[in-house]
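K.L.:
Just dropping this structure here.
The values are calculated or read from the model by the stated rules, or taken from the named source; none is laboratory data. Source: prediction; values computed, not measured. Cβ sites come from the backbone with ideal geometry, for glycine too, and all protein chains shown count toward neighbours.
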Amino acid sequence: MADDGSNPVALTNSYDDAILNATITQKVPVISPNGTMIAYFSGVEMNDRPDDPTLPREIWVMRADGTGHLRLSAGDDPGWSPDSSTIIWPICRIAGSQCAAMGGVIDLAGINPDGTNKRTLVQTNGGFSQLPASCQPRLLAPPADATPPSTPTNLTAAAVSSSQLNLAWTASMDNVGVTGYRLERCQGSSCTSFVQIVTPTGTSYSDPGLPATTTYRYRLRATDAAGNLSGYSTIASATTLTGGLRGDLTGDGKVNLDDLRLMIYMLLGQIPPDLTTADLNTDGRFTLADLQFLVKLIIGIP
C-alpha cells in the first residue's frame, strides 16, 4: 500500500494445502533497508505441526511491488543485513520444536537476495531464544593471523653524498597485508650489533646526517597488522662519500658537472636531497638558488 495507507495490494496469501493437511502461511515480511525487496517465510508453522519436521518451512524473497517471487532456502524468521546485501535467518541443526531442550545447535545462515552464496554466518551452542544471553548467537572471532609476511628481497644501499645513504628493496607479500618494515643499521664494515632506526611503510628510505667516509650495514624485515615478522633480508652495506669541499655533492673531492647532475636529480625528486651538502647558500632550504650557487662554483664565479 501507499505510505498513507491507501491502495492496499495483496502480495502473498495463506491457504490450506489439502495434500499436506496443514496450513501454509506466508508471514514475517521484512522489507530490505534499501526498500526494494521483501523477504518472508512460507510454509507450515512448527507450532501447527510439531509432529512432522519434514514439512516445508521456507525463506522466500520478492520485489517490493509483489513481483519476482524466489524460493531461497529452507528456514524461518528472515531478516536483512544493514546494507541489503544478505538475507539472514536462524537454523536449528536438530529439527523439531524442542530444539533447545534437545541440545540443538543454532546457526545463523545467510544468502544473497538472488539466491547465490548461501553460507553460515554465525554458530552457537543451544537454542536461539530459549537460552540465556550467554548462549545466544554471536559473531565468532576471526581466526588469528599467524602467517608472517615473506622476506623482503633485493636490499641495496648507495651513497649519494658525504652524509647520506639511500636504501631500496623489493616489497614483501602477506596473506592479509604488509603494514611496514623494521630497518636496522650498524656501523662498520663487519659489524653485527644491529639497532632498529626507522619503520618505513614503503620500499625505500634515505638515511641522512651521517659522518663522511663511514661504512654502514643494513638489514630489514616486514611486519603485518597482527605483529607477525618476516625473516631478515640479506645485509646491504655502503660508505658515505668523502666530504669537506663545498659543492662536492658526490664526495669525490672535486666540484664539477657530476655534482651538477646529482643536484638536478635531487631537484627533480629522483634522489632525496641531503641538506647537509645540497644547501649551498645555507638558508635552510634546498631550492633553485642552490643550483645557481653550484653553477657559479663550477664556472668559478665568486
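K.L.:
What is the number of the single condition among (1) surrounded by 18 or more Cβ atoms within 10 Å (Cβ to Cβ); (2) out of contact with any Leu (no Cβ under 8 Å at 6 or more places or on another chain); (3) at pLDDT 80 or above that residue 127 does not meet?
P.N.:
Among (1) surrounded by 18 or more Cβ atoms within 10 Å (Cβ to Cβ); (2) out of contact with any Leu (no Cβ under 8 Å at 6 or more places or on another chain); (3) at pLDDT 80 or above, residue 127 violates only (3).
K.L.:
Does the range 79-88 include one or more residues that are surrounded by 16 or more Cβ atoms within 10 Å (Cβ to Cβ) and at pLDDT below 55?
P.N.:
Initial filter on the range 79-88 (surrounded by 16 or more Cβ atoms within 10 Å (Cβ to Cβ)): 80, 86-88.
Of the ones still in play, those that are also at pLDDT below 55 are none.
There is no residue in the range 79-88 that is surrounded by 16 or more Cβ atoms within 10 Å (Cβ to Cβ) and at pLDDT below 55.
K.L.:
When you scan the range 215-234, do you find a residue that is surrounded by fewer than 16 Cβ atoms within 10 Å (Cβ to Cβ) and basic (Lys, Arg), even just one?
P.N.:
Taking every residue of the range 215-234 in turn, none turns out to be surrounded by fewer than 16 Cβ atoms within 10 Å (Cβ to Cβ) and basic (Lys, Arg).
K.L.:
Applying the selection to the range 259-286, what residues are under 19 Å from residue 205 (Cα atoms) and of a type in the set (S, T, N, Q)?
P.N.:
Residues of the range 259-286 under 19 Å from residue 205 (Cα atoms): 262-263, 265-278, 286.
Scanning the range 259-286 gives 270, 276, 277.
K.L.:
Looking at 223, 201, 213 in this structure, which one is among the hydroxyl-bearing types (Ser, Thr, Tyr), outside the structural domain of residue 286 (by TED's automatic domain parsing) and part of a strand (DSSP E or B)?
P.N.:
Working: 201 fails: part of a strand (DSSP E or B); 213 fails: part of a strand (DSSP E or B).
Going through 223, 201, 213 in turn, just one is among the hydroxyl-bearing types (Ser, Thr, Tyr), outside the structural domain of residue 286 (by TED's automatic domain parsing) and part of a strand (DSSP E or B): 223.
K.L.:
Now for a different question. Do you know which residues across the range 265-283 are crowded, with 18+ Cβ neighbours inside 10 Å and over 22 Å from residue 167 (Cβ atoms)?
P.N.:
280, the sole residue that qualifies.
K.L.:
When you scan the range 173-195, do you find a residue that is assigned to a strand (DSSP E or B), among the aliphatic types (A, V, I, L, M) and in contact (Cβ under 8 Å) with a residue 40 or more places away in the chain, even just one?
P.N.:
Of all residues in the range 173-195, those assigned to a strand (DSSP E or B) come to 178-187, 195.
Going one step further and asking which of them are among the aliphatic types (A, V, I, L, M), we end up with 178, 183, 195.
Filter once more, so that each one left must be in contact (Cβ under 8 Å) with a residue 40 or more places away in the chain: 178.
Looking through the range 173-195, at least one residue is assigned to a strand (DSSP E or B), among the aliphatic types (A, V, I, L, M) and in contact (Cβ under 8 Å) with a residue 40 or more places away in the chain.
K.L.:
Being crowded, with 16+ Cβ neighbours inside 10 Å and touching a residue at least 24 places away in the same chain (Cβ under 8 Å) is true for just one of 257, 262. Which residue is that?
P.N.:
None of the others qualify; the one that does is 262.
K.L.:
Any idea which residue in the range 204-213 is farthest from residue 182 (Cα to Cα), counting only those that are free of Cβ contacts under 8 Å to residues at least 60 places away in the same chain and surrounded by 16 or more Cβ atoms within 10 Å (Cβ to Cβ)? Explain how you work it out, then say what you get.
P.N.:
In the first step, residues of the range 204-213 are kept if they are free of Cβ contacts under 8 Å to residues at least 60 places away in the same chain; the result is 204-205, 207, 210-213.
Filter once more, keeping what is surrounded by 16 or more Cβ atoms within 10 Å (Cβ to Cβ): 205, 207, 210, 212.
Working: 205: 11, 207: 14, 210: 19, 212: 25 Å.
The extreme case among them is 212.
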